[in-house]
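Remarks on the structure that follows.
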Amino acid sequence: MTGDDRTSRLALGVLVLTLGAAATGCSGTDAEPIPQVTQPTDLPSQPTPSESEADAGTETPSGSPESPDGGSGPPEVADTFVEGLEVPWGVDFLPDGRAVVTERISGRVLSVGTDGAVTPLGTVPGAVPQGEAGLLGVAVSPDFATDRALYLYLTTGTDNRVVRARLDGTRLGRTTVVLDGIPAGFIHDGGRIAFGPDGHLYVTTGETGDPELAQDPQSLAGKILRITTDGRPAPGNPDPGSPVWSLGHRNVQGLTWDDEGRLWASEFGDSEWDELNLVEKGGNYGWPRVEGAGGDASYVDPQLVWPVDQASPSGLAFADGHLWMAGLRGQRLWRIAVSPGGEASKPRAFFTEDFGRLRTVAAAPDGLLWLTTSNRDGRGEPTPADDRILRVRP
């Protein structure tokens, strides 16, 4: 099976938390699966949920003072903020509160105002929208007030690459290549980019359907990269001459940092287990040798895994003391508790099948979550309003 709807196999014991309804979805690519949540009981310091916590698919009724995962209650959709987009993929925020949103298929870069007004900024030349590829992630420069720079990840006819463009008023300027030569494929192109607390740019790449590339330290495929704003390996990388921060990834499309500065990543598995990983410098996450938790000391086991039909995770955000993970084939938003020591537990699902495939979740400056649908990507069942951006109170 291929694509974004796979997850990893646990070689040791796994506690399967039965979730509600299974959703239909195609297998392979970033069409993803749906049905139960799995929590590896063989991982270090991984607490076993109590019976009251085990129903990860059950939402706490409104008015309940506290949810089983430590949340204050279920998230609520504040509004459908934007409608009629074409496969929105990347979301990041400007200092004035406006968002920059990319569309995978059209190659457009959009500004979305705090009032929901959509303004096209321009179209990125050279983006090739085939399979899971096209115009993917976006990251606003931490120095935007002075450099006006946006960073974009796209697939061309020959590679995946990161480019930089200056936002001149309401128009996107010419693009400059920051890092190119990342292997590209019809599937598994990664594409999430984000600036870390250290000011460096983190870039996720997929193994393009060639699993062995994930274990090749000389290949940029199947990795999380860490680079400077001019594309050089960032200081402190495991290999000073390489942009590779971690390897052994199948297809990471979610990156976020918690309030302790720890890096988390959501990753598509193959046919059994999707993963939530706590990313370590120089860590090898096992693909294709291991899917899920293998218990092999050579590889870093995931913190949590899900059957592929429940997740096929893309976007990942941290807000209100929790991780939030968007599911494509799973068609749900997961809320995940994080302990002070950096252990993820007690995943709970919300909005199951309410809005179709969910691609990106991003924490906005005002404390709300922005949640994008991906129903016009050829794998969903779009409504006349799709694709949408929802604003959610966490």
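Each reported figure results from applying straightforward, stated rules to the coordinates on display, with no laboratory input. Small disclaimer: the values here were computed from a predicted structure and weren't measured. We place every Cβ from the backbone using ideal geometry, glycine too, and count neighbours over all the protein chains shown.
Model label sites at Q218 and D115, defined 7 Å from Cα along the beta-carbon direction, differ in position by 5.7 nm.
Backbone phi angles across region 306-323, fed through the Karplus curve with coefficients 6.51, -1.76 and 1.60 (θ = phi - 60°), yield HN-Hα couplings of 9, x, 4, 7, 9, 9, 6, x, 10, x, 8, 9, 10, 7, 6, x, 10, 7 Hz in residue order; Gly and Pro are listed as x. Remark on L94: its backbone amide H falls under 5 Å from those of A99, V100, a criterion applied only to residues 5 or more positions apart or on other chains, H modelled at 1.01 Å from N.
3J(HN,Hα) couplings calculated from phi for region 287-292 with the Karplus curve 6.51 cos²θ - 1.76 cosθ + 1.60 (θ = phi - 60°) are, in sequence order, 5, x, 5, 9, 10, x Hz; Gly and Pro show x. The residues neighbouring W334, those whose beta-carbon lies less than 11 Å from its own, together hold a net charge of +2 under the Lys/Arg +1, Asp/Glu -1 convention. Toward the positive end of the charge dipole of region 230-361, with +1 on the Cβ of Lys and Arg and -1 on the Cβ of Asp and Glu, the farthest Cα among A326, S246, V279 is that of A326.
Taking the charge dipole of region 78-130 about its Cα centre, with +1 at Lys and Arg Cβ atoms and -1 at Asp and Glu Cβ atoms, the residue from V100, T80, V124 reaching farthest to the positive side is V124.
Amide H to amide H distances under 5 Å link L304 with L276, where only residues 5 or more positions off or on other chains count and H is placed in the peptide plane.
Computed from phi, the 3J(HN,Hα) profile of region 160-167 under the Karplus parametrisation 6.51, -1.76, 1.60 (θ = phi - 60°) reads 9, 7, 10, 10, 10, 9, 8, 8 Hz, with x in place of Gly and Pro.
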